[in-house]
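These notes are about the structure you will find just below.
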Amino acid sequence: MLVDAPPAVLPSRRGLLAGHRAFAVLLALAAALRVVTMLGYRPATLYWYDSYTYLDTAAHLAPSAAFHPIGYPLLLRALLPFHSVELVAAVQHALGLGIAVLVYAVLRRRSAPGWAAAATVPPLFDASFLRLEHAVLSDTLFIFLVVAGLAVLMWSPRLSVRAATGAGLLFARAALTRTIALPLLLLVVLVLAVRRAGWRRPAALALAGTLPLAAYAAWYAQHHGRFALSGADGVALWARTMTFADCARVQPPPAEARLCPNGTKVDAASEYVWAPGSSLNLLPGDRFGYNGLARSFALRAIAAQPLDYLGEVARDTAIAFSWTPIAHPARTTPAFGFTHGRWPLPDQPLVGKVQREYDPDLRGAESVSPYADFLIAYQYAAYLRGPLLGAILLLGGVAAVRRPGVALLPWAVAAGLLIGPVAVLDFDHRYVLPVVPVACLAAALAFSPRNGPGARWSRAR
């Protein structure tokens, strides 16, 4: 006599949601904050001249000769048919929520369920993230791509060639959004090698990450005559060396000697790029036309004065750990940037061009009460203070020691994101924000079982 087998017991939808209730509440509150931000500052925050350059490049896709690669304009190009910078801000706020979802999902997957929701609190609720997502800048997309690349690599203990390839493509896209991701790609490959992931997975990641960059560099060469991703990397590194270079010790050749410090004083290394009196800007022509010469001088200065260089990098990196945010350079607002006011569009030809071609309804931003009133009060409490960031990084370091197979990668990437921008140009509070979700991801793993599921990578068959 045949007896019917009992039906498989599947978890109910209510049961599935109950396991994620804390995160669902956090996500809903964070989404509400982003709605308030969009209502409080309309249509979006635009900065001269970065935002307008991005929007102009999106309308006329071509590699920028200076600082901005093509990754972010590609997102803006996808949104061009809607002709709305307000929609750009909305998409970026959604990406901000997506960053937290990725962090949470990875931690639930990799044996840290108890701390998964807590790890998403800083990127969800820090007012600096609200401001950044609301600005027409590349940072939010960059953070999302880096976290997505890590999520692909960390999703399964058995790392496959396919996952490594997908992560390589994501890191390549991140590098085409902000070139600081270039050393991250190398760093990730090195961590994979150290963790004995075989040779196929690091090779697949390196190849998938390199080919898009090479293709873009070839396109760049067609427009600007040199195989590169940017025309400003040498100028940026030169500015970094202006805080310590001593040409009596560097002894540059005559062509490079024109770039020696000339006594011009500024309050941050990056200001040398723009200071009218700096040696670079006293040379005839466009400053970025001397990119190769500036790079050669900078590398020579670093080789001649390595300890001075490392000291400057360490000193500026330490700014991230101050309790009260330090303006760097002094003219900038490092935090607490929500204010009352109206910000008219700059009277520049580029602005009119962007109005005609990207958003005909583009107008100057303004604060709107009572939403702006709330955000102005909120930001003073909702700010990740420097010592707390230091504690998160320290916990991530503990996790990297306890569970190197899973925590070493995000902690190394967080450290690279913190130090990298300072090493190649200067400190900026904006540049610290990508560190936060990655560092939180690593730190949460410090509380998970050392030998729990997914404690290390293993080779795929």
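The values are calculated or read from the model by the stated rules, or taken from the named source; none is laboratory data. Predicted model only: the values in this text are computed from it and were never measured. We place every Cβ from the backbone using ideal geometry, glycine too, and count neighbours over all the protein chains shown.
Listed here are the residues, each with its yes/no results for (1) crowded, with 17+ Cβ neighbours inside 10 Å; (2) under 17 Å from the mean Cα position of the chain (by Cα); (3) at pLDDT 95 or above; (4) not hydrophobic (A, V, I, L, M, F, W, C).
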{"site": "Tyr49", "(1), (2), (3), (4)": "no, no, no, yes"}
{"site": "Leu55", "(1), (2), (3), (4)": "yes, no, yes, no"}
{"site": "Tyr72", "(1), (2), (3), (4)": "yes, yes, yes, yes"}
{"site": "Leu75", "(1), (2), (3), (4)": "yes, yes, yes, no"}
{"site": "Ala78", "(1), (2), (3), (4)": "no, no, yes, no"}
{"site": "Ser84", "(1), (2), (3), (4)": "yes, no, yes, yes"}
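For region 248-261, filtering for residues that are free of Cβ contacts under 8 Å to residues at least 40 places away in the same chain and in a helix (DSSP H, G or I) leaves 4. Only one entry in Ser278, Ser322 is touching a residue at least 60 places away in the same chain (Cβ under 8 Å) and within 30 Å of Gly337 (Cα to Cα), namely Ser322.
Entry remark, region 85-106: residues being of a type outside the set (A, V, I, L, M) and under 13 Å from Ala135 (Cα atoms) number 4 in total. Scan region 152-162 and tell me whether some residue there is part of a loop (DSSP other than H, G, I, E, B) and of a type outside the set (Ser, Thr, Tyr). Yes, region 152-162 contains at least one residue that is part of a loop (DSSP other than H, G, I, E, B) and of a type outside the set (Ser, Thr, Tyr). Evaluating Asp316 against the criteria (1) assigned to a helix (DSSP H, G or I); (2) surrounded by fewer than 21 Cβ atoms within 10 Å (Cβ to Cβ); (3) of a type in the set (Asp, Glu) leaves one unmet condition, (2). Checking each residue in region 227-247 for being without any contact (Cβ under 8 Å) to a residue 40 or more places away in the chain and either touching a Leu at 6+ places or on another chain (Cβ under 6 Å) or not in a loop (DSSP other than H, G, I, E, B) (or both) picks out only Cys247. Summed over region 353-407, the residues that are closer than 20 Å to Ile419 by Cα and outside any helix (DSSP H, G or I) give a count of 2. Any residue at all in region 149-166 that's crowded, with 24+ Cβ neighbours inside 10 Å, within 30 Å of Tyr380 (Cα to Cα) and under 14 Å from the mean Cα position of the chain (by Cα)? No, there is no match, as no residue in region 149-166 is crowded, with 24+ Cβ neighbours inside 10 Å, within 30 Å of Tyr380 (Cα to Cα) and under 14 Å from the mean Cα position of the chain (by Cα).
One residue stands out in region 197-221 among those that are touching a Lys or Arg at 6+ places or on another chain (Cβ under 8 Å) and surrounded by fewer than 19 Cβ atoms within 10 Å (Cβ to Cβ): the one that is modelled with the lowest pLDDT, namely Gly198. Within region 107-141, the set of residues being buried (at least 22 other Cβ atoms within 10 Å of the Cβ), among the hydrophobic types (A, V, I, L, M, F, W, C) and over 19 Å from the mean Cα position of the chain (by Cα) comprises Leu107, Ala112, Ala116, Ala117.
Scanning region 244-261 for residues that are surrounded by 13 or more Cβ atoms within 10 Å (Cβ to Cβ) and either closer than 19 Å to Asn291 by Cβ or modelled with pLDDT under 95 (or both) turns up Ala245, Val250, Pro252, Glu256, Ala257, Arg258, Leu259, Cys260, Pro261.
Return yes or no: is Leu97 of a type outside the set (Asp, Glu) and under 17 Å from the mean Cα position of the chain (by Cα)? I'd like the intermediate steps shown before the answer.
Details: of a type outside the set (Asp, Glu): yes; under 17 Å from the mean Cα position of the chain (by Cα): yes.
It is true that Leu97 is of a type outside the set (Asp, Glu) and under 17 Å from the mean Cα position of the chain (by Cα).
Yes or no: Ala236 buried (at least 22 other Cβ atoms within 10 Å of the Cβ), of a type in the set (A, V, I, L, M, F, W, C) and either under 20 Å from Val422 (Cα atoms) or not assigned by TED's automatic domain parsing to the domain that holds Thr179 (or both)? Yes.
Could you run through region 196-226 and say how many residues are of a type in the set (Lys, Arg) and part of a helix (DSSP H, G or I)?
2
Ala446 meets the stated requirement of being at pLDDT below 95, over 17 Å from the mean Cα position of the chain (by Cα) and not in a loop (DSSP other than H, G, I, E, B).
If you check Phe171, Phe142 for being among the aromatic types (Phe, Trp, Tyr), assigned to a helix (DSSP H, G or I) and in contact (Cβ under 8 Å) with a residue 40 or more places away in the chain, only one passes: Phe142. Applying a threshold of 9 Å to beta carbon distances and a minimum spacing of six or more residues, or different chains, the list of pairs starting in region 407-427 at a residue that is under 25 Å from Thr243 (Cα atoms) and in the same structural domain as Leu389 (by TED's automatic domain parsing) and ending at one that is of a type in the set (Phe, Trp, Tyr) and in a helix (DSSP H, G or I) reads Leu417/Tyr431; Leu418/Tyr431; Gly420/Tyr431; Pro421/Tyr431; Val422/Tyr431; Ala423/Tyr309; Leu425/Tyr431.
Consider region 272-288 and keep the residues that are in contact with a Ser or Thr (Cβ under 8 Å, 6 or more places away or on another chain) and of a type outside the set (A, V, I, L, M). The one that is surrounded by the most Cβ atoms within 10 Å (Cβ to Cβ) is Tyr272. Residue by residue through region 353-382, note down the ones that are out of contact with any Leu (no Cβ under 9 Å at 6 or more places or on another chain) and among the aliphatic types (A, V, I, L, M). Listed by number, the residues that qualify are Ile376, Ala377, Ala381.
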